[in-house]
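All remarks here apply to the structure that follows.
The values are calculated or read from the model by the stated rules, or taken from the named source; none is laboratory data. Computed from a predicted structure; not experimentally measured. Methodologically, a virtual Cβ is constructed for each residue, glycine included, from the backbone with ideal geometry; neighbour enumeration extends over all protein chains shown.
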Amino acid sequence: MKLYTSCDLAFEIPAPTPFVLMLRPRSGMQQWITREEYRLVPSVSVFEFTDNYGNLCQRLVAPRGIFTVYTSAEVMTADHVDQARGAPFVEVQKLPDAELSYLLPSRYCESDRFGQMATEITAGQRAGYDQVAAIAAWLRANILFAPGSSNIPVSAIEVNLKQSGVCRDFAHLGIALCRSLSIPARMVVGYLYQLDPMDLHAWFEAYVGGRWYTFDATQAELKGGYVVLGYGRDAADVAVYNQFGPAVHPTTQTVCVQRLKED
């Protein structure tokens, strides 16, 4: 399917403030970027780099006053999400080097604390994809999805104690449970067509059967329409913006995802 995505952010900057943004999707296996627009008002110098996870990031210093960031893209993305019941567990010694970091505990995913819980949730499941699917099903059945309930990232332990959270929180707990079973798992941030309520979205991927697969416990069923902005170990790696200095938050944030007619 062909999608139009946009994100419009406005800040009130009290003093010149360095930012690192992650708002440009890049073409990959599941998506192809056919058109982009990136507009800053007022215009400032920008330096773009690729981070350790392959994400496109933009460095800039926002001037004092009202500062707006507008990005949009037209994206060809998959009509469906690949699923692979029975895809096998990949032994750690056979994992590609690049995936090893996704086995370790991270700031918001304390996977070393969830071994027994993950074993109980996945009891009787074939090692690999079926274990991750069981984790996603458990999250959907036991954690209350509460969009807009939190603007601050919380850890997997906190999510499990609260038994509720936003999409980012579901991803953190799912990732921690997967890693505790020696299944590489990573966080993904981006857009989802027909997300309700519409906003930027987070989900997770697990590495089984020799590739990454998408899991999203906030949705009743997996469907097409995902557009990736960034990958990382947890929310600390995939913030769509980081600012350094006086704390500032968007005064407005507008996200749009529409389906376009294909040529």
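Okay, here's what the table says:
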| read-out | value |
| --- | --- |
| Residue check for VAL240: closer than 26 Å to VAL20 by Cβ and aliphatic (A, V, I, L, M) | yes |
| Strands (runs of 3 or more DSSP E) completely within the stretch 43-155 that count 3 or more residues being out of contact with any Leu (no Cβ under 8 Å at 6 or more places or on another chain) and in contact (Cβ under 8 Å) with a residue 24 or more places away in the chain | 56-62, 65-77 |
| Subset of the stretch 185-202 [at pLDDT 95 or above and among the acidic types (Asp, Glu)] | ASP199 |
| The stretch 1-39, residues that are over 18 Å from LEU229 (Cα atoms) and either surrounded by 17 or more Cβ atoms within 10 Å (Cβ to Cβ) or β-branched (Val, Ile, Thr) (or both) | PHE11, ILE13, THR17 |
| Matching residues in the stretch 225-243 - criterion: being outside any strand (DSSP E or B) and either modelled with pLDDT under 95 or crowded, with 22+ Cβ neighbours inside 10 Å (or both) | ARG233, ASP234, ALA235, VAL238 |
| Meets criteria (part of a strand (DSSP E or B) and of a type in the set (D, E, K, R)) for ARG186 | yes |
| Failed criterion for ASP51 (all others in (1) closer than 28 Å to ILE175 by Cα; (2) buried (at least 16 other Cβ atoms within 10 Å of the Cβ); (3) touching a Cys at 6+ places or on another chain (Cβ under 9 Å) hold) | (2) |
| Residue within the stretch 204-220 that is hydroxyl-bearing (Ser, Thr, Tyr), in contact with a helix residue (DSSP H, G or I) (Cβ under 6 Å, 6 or more places away or on another chain) and not assigned by TED's automatic domain parsing to the domain that holds PRO25 present | yes |
| Test: residue in the stretch 70-91 that is within 22 Å of the chain's Cα centre (by Cα), of a type outside the set (Phe, Trp, Tyr) and under 19 Å from PRO250 (Cα atoms) | yes |
